[in-house]
Every structure is written in structure tokens, then in C-alpha cells.
Ligand SMILES: [Fe+2]
């Protein structure tokens, strides 16, 4: 804090007396003969307080007080007065003077005034610091609030992204768009209407009639309606187009009792944008996947055709496997994997020469060694196709045995993937009951006996029980 005082008085004697007293009290002191000089001095340094006379040439004391207060409202000003008239006192206080120094000047009076000024100034400083701190707190609170809102928004957007990315089918995605929209908007009624591309009408999946779509939606714009009835109630409708590859795929119809607003519309647009991206990928993926699958199934058919005795083998193994899958309640995803793996389980036989594959007599050990390579060959074919990673492993292990004496890896029990264990039973049963060049197929009863005999050695005991009792129905 500054410890210097400015004294303004046109009387040099008074300036001298007061400054002497003030210096004696341990304060620094400057003096000025008039207002303009005083203001000039205040330009170059700051003061603890100013003592000023009222009656001065060039500028009256009252004018000086006003000018000082215009620069720094917190600077205390003490009026030096020979006669403390009430009028002057009131005028000076109105202009911002904080106290008076009456004549004759006494050291004790000046000391009292200066300590009062110092105390007030210190309080003012504290108050300013406090209000600065308060202001800072308010700013921080406000920023924190904004940050929390942003975090919430980011995590809700992240949740949207995660949910969308985890979905595989278009139907799942549409369901998720509706679910996520309901979560984002409380008390909203949300419906999705797919667009029938042929009729250019919106389809009602709840069995209602097709209806016209607004031109704005077809052009990718949001449509908003205020359907508020005349007699009470509020009803707003916001319709978003879901665009995929530049074309409307359907519309998301949201009914709320307040206007949706920019923020919520923004979130829905983000959701639709992410969903559209995902749908484009899914459509691409499903297209590729379908193509790949039909190629592989074609290969399996060629394989069946090579060996007339085993024709339809892949189809029957698939049917038996799916029957087990339904009984043990596999998930839809597991069923999809099983269906493909069972259909293609012997695809590796494309790599086995006809001379061995179609041999009429019994196989030599050497030939059998070559036959035993077909699960690995099949897995190696599918390994080239990244979406088939799971099917690849199921196929690789379809000749493993529960006791670990199978091929190619010799793994046992639960180490063998469940879906491979299912295919093993279906495959063995069909091989046993089909005719071979060197033997006729076993009867169903004999085949069941054989499965019972091999339960725990070759086959998973639980699956064998299910196969015998629930699939073959014995
Ligand atoms: Fe096989």
C-alpha cells in the first residue's frame, strides 16, 4: 500500500505546516499549489490520500474532488477547512470527500485521519480482492458447469456411437435409433417410418396405411409442426429424414410437448448421421458377405457333386446341427456362425485329390494322413476372409474328439469350441447312416448305439444325449 500523501493548497504556509506534521508521523508527502498541478502529480504516482483546500485559484477544491473521484473512486480525499460550514461540508461530501481537517491543525487529528484512511483503504482492498475472488469463483463455477454439460453431452454422444457401432443388422439399427432417441428426449413419442422406394410413401410398420412424405424430407430437410390444439395441451412434431448415400431411407417422427430446440435437434442429427454411416457399412458388408457366402456354398455343392455318395451331406449336417442349436437355445448370432460353419465344414476336401477322396477301397495310412488335412485346408481357405474368423475356427476343429484323440490339434473337452462339438456329432451320425462305396449305411438304431458307445470318447456327453433323445427322437 502507498504511504504517500498529497497536499493541495494555494497557501504555502499551510502546505508547509501540514506536510511537516505528516512527515513527522512517518508518511511521505508531496504538495501542490492548485488542482491542475495536483492532477499532474497524480498522473505520475499514486497516493494513500489527498488533502485539499476548497478555495483555490484555477480549480476549486470541489472540482478537484470530482476529477479525482472520476479517476479513482476509492482514493480518500480530506478537505482542509478553516471554517467548517455545513454547506461546504455537504457539497464536499456530495462530491466524494471522506473527511475534514479543521484549523488549527493538530498532529493527533491528522494521525487519527490517516489511520482511519489506512484502515478504510485496507478494507476496500480486501473487499476488492474478495469480490475478485468471488467473481473468479463464479467464472470457475460457470466453466465447471459448462464442462460438466459438455462431458455429459460427450458421454451421451459416445454412448450413441458405441450402441450404433455394436449393431450388425439394419433392423437392429432402426430399433436402436428409436430407443436412443427416447433416452435422449424425455417423454417423447418416437416412431420410425421406412420409405417405400417404389411408391415413395412412408410405411407404417405397425400395420397402418402408407402415407405421403413431405417434399422437404425427401430433400433432406427437417420438418417441424406445431399441432397444438385450440383448447389446451401442447403438441409439437419434428420429423427428421434418415439419409443413406444421399437418399431418404426413412423418417424419424418425434412428438413432444415442448419445442425440441437446437441442442436436442443437434443430438438427434448426430445419432442419425452415425446410424447412416453404420448402415452404409452394414449394407456394404452384408453385400460382400452374401456374395462370399454364395461363392462358398457353390464350392460346397461342387464338393458334394464330386462324390455322389456324400451328396447332400453338407445340407444334412447343417440341418442336424441347427436342430441341436435350437434345442440348446443358442443366440441368433451363434446360430448364424453354426449355419455357415456346418454348411462349409468339409470345404477343405477341395484340396484332397480325387484318387483319395473317391477311392473305393480302404484308405492306406498315408492316404488317411492326407484326408486328415481337410479341416486345416478348410480353415485356411476361410482364413483369407476376415468376416469368417469364427467359422474358420469351428471348421478347423470339427474332427477333434472329446477325449483329445482327434485331429488336427488333439484338443479335448471344453477346449473344443461348442459349435465344433455340435458339428462333430451331426457329421458322424450322417456319415454312419449314409451308404459308402465299401459299405452300406448303418440303420438309425445301430447309429444311435454307436453314438452311445462313443459318448465321452468321441462326443460331448451332454450333446450326445440331446442328439439321441431330442434330435433323432429316440
Ligand atoms: Fe470332415
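Using the 10 angstrom Cβ neighbour count as an exposure proxy, how do 245, 265 rank, fewest first?
Neighbour counts put them in this order, fewest first: 245, 265.
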**Request:** Calculate, in whole percent, how much of the Cα-Cα pair population of segment 312-360 lies beyond 18 Å.
**Result:** 41
**Complete:** Subtracting the Cα-Cα distance of residue 334 and residue 215 from 0.36 nm times their residue separation yields 38.5 nm
**Item:** Solution diffusion estimate, µm²/s, Stokes-Einstein, segment 4-127, Kirkwood Rh from C-alpha pairs, 4 °C, viscosity 1.567 mPa s
**Value:** 91
**Mean Cα-pair separation over length for segment 359-404, i.e. relative contact order, pairs under 8 Å, 6 or more apart, %** = 32
**Request:** Could you give the spread of the C-alpha atoms of segment 307-471 along their three principal axes, from largest to smallest, in whole angstroms?
**Result:** 41, 41, 28
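Got the relative contact order for segment 307-471 handy, in percent, Cα pairs under 8 Å and 6 or more residues apart?
Worked out over segment 307-471, it gives 24 percent.
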**Message:** Based only on other Cβ atoms within 10 Å, what is the fewest-to-most ordering of 219, 334, 189?
**Reply:** 219, 189, 334
**Item:** Sorted by Cβ neighbour density within 10 Å, fewest at the top, the residues 215, 415
**Value:** 215, 415
**Message:** Give me P(r) over segment 170-284, computed from all C-alpha to C-alpha distances, binned every 5 Å, as integer percentages.
**Reply:** 2, 11, 22, 24, 21, 13, 4, 2, 0, 0, 0
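Starting from 0.36 nm per residue, how many nanometres of slack lie between residue 305 and residue 368 once their C-alpha separation is accounted for?
20.6 nm
Each reported figure results from applying straightforward, stated rules to the coordinates on display, with no laboratory input. As the structure is a computational prediction, the values presented were derived from the model and not from experiment. In this analysis, Cβ positions are derived from the backbone assuming ideal geometry, glycine residues included, and neighbour counts consider all displayed protein chains.
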